[in-house]
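Heads up: the structure comes next, in structure tokens.
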Amino acid sequence: MSMTLGSAGAEPEVMIDINTTPLIDVMLVLIIMLIITIPIQLHSVNLNMPAGTPPPPTAEPVVITVDIDFDGTVLWNGEPLGDALADRTALETRLAQVAAVPDQPEVHIRPNKLVEYKSVAAVLASAQRLGVTKLGMVGNEQFVK
């Protein structure tokens, strides 16, 4: 075998290629360190479940329906309350009785599609003023076009 050392007067050529072997070694060490430090992934979720007997089932809530007819007549569970003035006082009396109960029943207001808004607003205002907290509007699907 022969070896060329070059001429004595010529300058050595500049090496353009970078030696990647040390870089690859460092990257492998970093990957191994990363794999070692990552905690083991468990495929389960730890839950703290309550011990003992479950609570008794809750009772069905009492529901009172207040229907407001197309002419403003208010019906309490299907029973008409009377003319406009007596209707208002009878409604407020019953709403006050509902508000006085510690565990209030649910009051569902179901207005007719043709009723004026002032009749519905009067019932809602009375319920709010007297302290009825479980109040809901039902039958709203009739207003969707």
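Here, each number is a calculation from the coordinates, and none is a lab measurement. All values reported here derive from a predicted model rather than from experimental measurement. Neighbour counts run over all protein chains shown; Cβ positions are idealised from the backbone, glycine included.
Key figures for this structure:
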{"read-out": "Entirely in region 58-145, the strands (runs of 3 or more DSSP E) that have 3 or more residues that are surrounded by 15 or more Cβ atoms within 10 Å (Cβ to Cβ)", "value": "63-68, 74-76, 106-111"}
{"read-out": "Residues being closer than 16 Å to F70 by Cβ and under 26 Å from the mean Cα position of the chain (by Cα) - total across region 108-141", "value": "3"}
{"read-out": "From G52, G72, G78, residue being over 14 Å from K134 (Cα atoms), free of Cβ contacts under 8 Å to residues at least 12 places away in the same chain and of a type in the set (G, A, S)", "value": "G52"}
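Okay, residues lined up against (1) without any contact (Cβ under 8 Å) to a residue 24 or more places away in the chain; (2) touching a Pro at 6+ places or on another chain (Cβ under 8 Å):
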residue: A90; (1), (2): yes, no
residue: A96; (1), (2): no, no
residue: A99; (1), (2): no, no
residue: D103; (1), (2): yes, no
residue: H108; (1), (2): no, no
residue: Q128; (1), (2): yes, no
residue: K134; (1), (2): no, yes
